[in-house]
Amino acid sequence: MIKNLSTFFVGIALSCLAGCTPIPKETTATKEYAPLEVPVPERPAGQQDVIELTTPKLDTVRVGFIGLGMRGPSAVERWTHIPGTKIVALCDLLPENAEKAQKIVTNAGMEAPALYSGSEDAWKQLCERNDIDLVYIATDWKHHTEMGIYAMEHGKHAAIEVPAAMSLDEIWALINTSEKTRKHCMQLENCVYDFFELTTLNMAQKGLFGEVLHVEGSYIHNLEEFWPYYWNNWRLDYNREFRGDVYATHGLGPACQLLNIHRGDRMKTLVAMDTKAVTGPELVKQYQKEEAPDFQNGDHTMTFIRTENGKTIHIQHDVMNPRPYSRMYQLTGTKGFANKYPIEQYCFRPDQIDSTSIPDHENLSMHSAVPEKVKEALMSQYKHPIHQELEETAKKIGGHGGMDFIMDYRLVYCLRNGLPLDMDVYDLAEWCCMADLTRLSIENGNAPVAVPDFTRGNWNKVDGYHHAFAQ
């Protein structure tokens, strides 16, 4: 019997170590591992980038809408409140959807727009009209890219619902078409205009958080009550066929703005992983009355991204299981912290707060949220100029609390004034590429994957995201 177990185990450990190769001083943290490379096609001859693209001013923005099922009608209604616009045409596969949307316009006292419906290709006739400046696309994901390209090829700017593209091939096609035609191609990402996000972005741009090092975002939204309303069950089918974060833009968009992505920094490498698919196959059984052993997408997907400048991003996706709605929206900086879900809060180094204008400043610490009065005072002090102008009207008109109206208003404002849009085709590309790149990582054993430079070398041509919102 062994009398001294500790001596016995130490002896075993020492004898094992004696036969081991010494650990080198260079640790894994300092090594560079080559990620899976994704090719970046050469820019077609004669084309230039469209960073900070400006186009001729439009006195009136004449718009045509494609897709009037779930998101389209509310967009039509919002546009009846935006000055300097004319709703020229409406299109949906179902005639009754187009007719209902037409009534929204006429009930607002405006001229009845032309209707297109009844055919899979009816939308092309809308794009071919010569009295439309902008095509607003709110169909299912599978048709977004095709419609956006066709619109630009026929001399129209394109505004496309999220996600605007689902593959790298689609993304490059949109980029190349926008560069070739010199037309705007904007993804309709509403969450960047939400009130906490835009206020926090303004704080970050003013240096209140110091250097922003880490950001988080997500789309955690149980869709149980919505699955039956997707035309031909297209959204559940998409999750059945494709693996990865197929809906990253709501979380990733605001996160990328905080880090000045392609405005001084760029996403360089990502790693993704997911859980097994449990709820997804059950939903197929419930709604489609069949087994789904082939269901591809895991219930919960996580993605970790590192940027060229050594910053990090964490993105999550879960539309299957019961959880409180969350887009995460969190940042960690050298001098402060912000978090939106489950509760809006800030934390700062005490010397970051102007004690002459902020109440309760003496109660600040670096390991707890600032008091509610301090938070309210800071949010008032750093309210973004866009919100100062539009917040009251936006909350009356609505659209996810008002951020949809602000998104549409800003699009019109920039087109009418010949300004670069707040979001360009490279934002679209970077926020949509997660679908393909996360799939690639997961299917290769959670391998690191290189994020393509969609600007093709011009990611630091502009210094800071604030330029977009400066006008």
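The values are calculated or read from the model by the stated rules, or taken from the named source; none is laboratory data. Nothing here was measured: the structure is a model prediction, and the numbers come from that model. Neighbour counts run over all protein chains shown; Cβ positions are idealised from the backbone, glycine included. For the accessible areas, the whole protein counts, side chains as well, though only heavy atoms, and no ligand, DNA or RNA atoms are used. Shrake-Rupley method; radii C 1.70, N 1.55, O 1.52, S 1.80 Å.
Extending 7 Å from the Cα toward the beta-carbon at both Gln286 and Arg456 defines two label points whose distance is 4.6 nm. The string of couplings for segment 207-213 from the Karplus curve (6.51, -1.76, 1.60, θ = phi - 60°) is x, 5, 9, x, 8, 6, 9 Hz, one whole number per residue in order, with x for Gly and Pro.
Couplings for segment 93-102, taken from phi via the Karplus curve 6.51 cos²θ - 1.76 cosθ + 1.60 with θ = phi - 60°, read 4, 8, x, 5, 5, 5, 5, 4, 5, 4 Hz in order; Gly and Pro are left as x.
Annotation: amide H-H contacts under 5 Å for Thr269 (H modelled 1.01 Å from N, sequence separation of 5 or more, or interchain): Arg306, Val451. Compute the acute angle (0 to 90°) between the alpha-carbon long axis of helix 403-416 and the principal axis of greatest extent of the alpha-carbon atoms of the chain; round to the nearest 10°. For helix 403-416, the angle is close to 60 degrees. Calculated [222 nm] ellipticity per residue, helices only, for the chain: -10500 deg cm²/dmol; basis is -39500 (n - 2.57) per DSSP H run with n ≥ 4, divided by all residues, nearest 500.
Please report, largest first and rounded to whole Å, the three semi-axes of the ellipsoid equivalent to segment 375-471, where each semi-axis is the square root of five times an eigenvalue of the C-alpha gyration tensor. It would help to have the intermediate numbers written out before the result.
On the way: eigenvalues 209, 66, 44 Å².
Semi-axes from the Cα gyration tensor: 32, 18, 15 Å.
Couplings 3J(HN,Hα) for segment 295-312, derived from phi with the Karplus relation 6.51 cos²θ - 1.76 cosθ + 1.60 (θ = phi - 60°), are 4, 8, 7, x, 4, 9, 10, 10, 10, 10, 10, 10, 9, 4, 8, x, 8, 10 Hz, where x marks Gly and Pro.
Within 10 Å, count the other beta carbons around each residue, average over each peptide in 34-47, 215-228, and list them highest first. Each step should come with its number before you reach the end.
Working: 34-47: 11.4, 215-228: 18.3.
By packing density, highest mean first, the sequence is 215-228, 34-47.
Of the residues Cys91, His157, Gly67, the one whose Cα sits farthest towards the positive end of the charge dipole of segment 59-185 is His157 (charges of +1 on Lys and Arg Cβ, -1 on Asp and Glu Cβ, taken about the Cα centre). Charges were assigned to the Cβ only: +1 to each Lys and Arg, -1 to each Asp and Glu. The resulting dipole of the chain about its Cα centre is roughly 720 debye. Surface exposure of the chain, expressed per residue as accessible area with a 1.4 Å probe, stands at 45 Å².
Once the Cα gyration tensor of segment 22-152 is diagonalised, what are the square roots of 5 times its eigenvalues, in whole Å and ordered largest first, as equivalent ellipsoid semi-axes?
Numbers: eigenvalues 369, 71, 53 Å².
Those come to 43, 19, 16 Å.
When the Cα convex hull of the chain is projected onto planes of every orientation, the mean area is 30.4 nm². Note on Glu111 and Asn232: the extension gain reaches 40.3 nm, defined as 0.36 nm multiplied by sequence separation minus the Cα-Cα distance.
Across the chain, C-alpha contacts under 8 Å between residues 6 or more apart give a mean separation that, scaled by the residue count, equals a relative contact order of 21 percent. If you take the Cα centroid of segment 278-296 and the Cα centroid of segment 36-57, the two points sit 41 Å apart.
Can you pull out the trypsin sites (Lys or Arg not before Pro) in segment 142-234 whose DSSP state is coil and whose Cβ has at most 11 other Cβ atoms within 10 Å?
Details: sites: Lys142, Lys156, Lys180, Arg182, Lys183, Lys206; in loops: Lys156, Arg182, Lys183, Lys206.
Of the trypsin sites (Lys or Arg not before Pro), the ones in loops of segment 142-234 whose Cβ has at most 11 other Cβ atoms within 10 Å are Lys206.
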